[in-house]
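Here the structure comes first, spelled out in structure tokens, and everything after it is commentary.
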């Protein structure tokens with residue numbers, strides 16, 4: 001299917017962060033949809049399976065909402081790139097950096113980014129995902 | 001504090017009479033140790049020489065208490081104390097000896113022996129000494145437990161605090177990054193929403209720091225209370241006036257029902273903190289075109305402050321958590337409301353200073369009423 005612009009879904013309960021990532025991704029020529037909860041995001045995904053990119057915050061209303069949502073998204077669309085963002089990587093007890101690629105069997109996430117995510121960083125990561 | 005409420009005692013003495021005697025006396029003995037008045041029983045293991053005791057010490061769990069004879073066939077009780085027991089903080093040692101000299105008593109006490117029992121001793125002397133040792137051990141263990149608990153509460157508080165401070169910094173940093181990369185073009189006017197958001201987040205952070213200072217000052221008792229004759233009604237009107245603008249922005253009607261003058265003996269700063277927190281909550285958690293009503297009245301024991309809103313209300317399960325530190329009721333209606341999460345826990349601490357009470361009545365979706373009664377002289 002040919003689409004003119006790529007689409008991205010950003011899921012976060014922080015209004016400021018949604019605003020920032022939306023602006024950044026629009027600048028990178030994405031059409032952006034935002035959601036602030038797991039339910040909202042799941043509904044959007046079920047309606048439009050062909051989203052090109054999902055950015056998911058790890059901690060929303062619950063500690064592990066990001067993981068829960070990532071699982072749900074994987075069930076809807078196995079191949080969609082998922083970037084997980086968090087400001088608490090060190091506090092979760094998960095060794096994000098050492099669990100890479102194929103070894104991350106428990107959940108296939110394409111990239112974990114620490115908040116705040118900078119424009120240049122986002123640009124670089126998206127280039128490597130393509 | 002003691003496993004299965006049993007205190008394990010090792011009796012180390014080469015005299016069989018002492019071992020059997022202690023065993024029969026102590027196995028029939030009970031001690032009440034704590035405020036629950038639960039009793040503690042004793043289990044006795046006995047050793048006739050140094051060697052068997054030391055081997056057992058390495059093999060099994062430490063006893064709670066050791067009755068240690070000074071003179072053993074294969075060594076000296078004082079050496080055992082020095083070598084094996086003086087480092088163990090959780091074991092209490094009572095020295096038994098037929099050679100009770102002041103010199104020995106001083107020496108063993110220095111090595112950490114708790115008590116000194118001279119042979120021959122009566123059953124009552126033994127029981128008395130053991131009871132003393134057990135109480136000592138109980139208090140010591142309780143203190144250690146308390147310290148651990150306080151440390152973990154402190155750690156939890158600090159990690160939540162760090163998170164709360166980090167999130168506005170992240171937000172502002174993200175906005176600066178947008179501006180630095182001119183994501184929305186090179187016209188400063190395009191960034192006015194962003195600048196406004198930054199100012200809001202920084203304001204929120206300042207509020208958190210101020211609240212934190214209030215809270216720690218009240219908790220540590222370092223905040224000097226200045227109880228003087230003050231007019232609670234005028235202070236209420238001042239507090240309300242400060243929120244006039246934010247009420248207008250949220251299209252809220254504000255009402256004050258208070259006498260012209262209501263003098264009390266109280267601390268003006270404390271009263272202001274109570275008013276500010278209740279009013280700002282009533283504004284934040286309200287609905288558009290809603291109303292905030294603040295009432296002040298004289299009651300028998302002092303004054304009653306009542307702040308009512310027509311806002312989103314509280315669910316029963318959230319109401320219970322309301323006064324805990326950093327509790328911010330998170331749901332779809334409150335997601336975008338900012339706050340330090342410390343306001344109500346400060347209000348509660350101040351109310352406690354007046355031996356007052358707080359009552360919260362709320363209907364989810366309808367509104368909330370906070371009623372605070374302060375005990376003070378009112379005129």
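Some points to look at:
- The angle separating the long axis of helix B:50-59 from the principal Cα axis of greatest extent in chain B is about 30 degrees.
- Selected from B:26, B:278, B:322 as most flexible by GNM, with chain B as the system and alpha-carbon contacts under 10 Å: B:26
- The angle between the Cα long axis of helix B:232-242 and the longest principal axis of the Cα atoms of chain B comes to about 60 degrees, rounded to the nearest 10.
- Prolate/oblate/rounded call for segment B:33-134, Cα gyration tensor, a/c under 1.5 rounded: oblate
- For segment B:122-266, the gyration tensor built on C-alpha atoms gives an oblate shape. Its axis ratio a/c (a ≥ b ≥ c) is at least 1.5, and a/b is not larger than b/c.
- Tensor-based shape of segment B:181-253 (alpha-carbon gyration tensor, a/c under 1.5 rounded, otherwise prolate or oblate): oblate
- Computed Rg/Rh of segment B:218-366, alpha carbon atoms with Kirkwood Rh: 0.95
- Once the Cα gyration tensor of chain B is diagonalised, semi-axes √(5λ) in Å: 65, 27, 18
- For B:219, B:58, B:304, order by how many other beta-carbon atoms lie within 10 Å, fewest first: B:58, B:219, B:304
- Among B:309, A:52, B:79, the order by Cβ neighbours within 10 angstrom, fewest to most, reads B:79, A:52, B:309.
- Calculated FRET efficiency for the pair residue B:79/residue B:32, C-beta based, R₀ 35 Å, to 0.05: 0.50
- Listed residues B:116, B:157, B:326, most fluctuating in chain B (Gaussian network, C-alpha, under 10 Å): B:116
- Here B:52, B:22, B:220, B:250 are placed in order of increasing Cβ neighbour count within 10 Å, fewest first, which gives B:220, B:52, B:250, B:22.
- With Cα atoms as the point set, segment B:1-66 shows a radius of gyration and Dmax of 12.9, 39 Å.
- Zero-based 10 Å bins, Cα pair distances in the protein assembly as shown, whole percents: 3, 14, 17, 14, 13, 14, 13, 8, 3, 0, 0
No value in this document is a laboratory result; all are computed from the given coordinates. These numbers were taken from a predicted model, which means no experiment stands behind them. For neighbour counting, all protein chains shown are included, and Cβ atoms are generated from backbone atoms with ideal geometry for every residue, glycine included.
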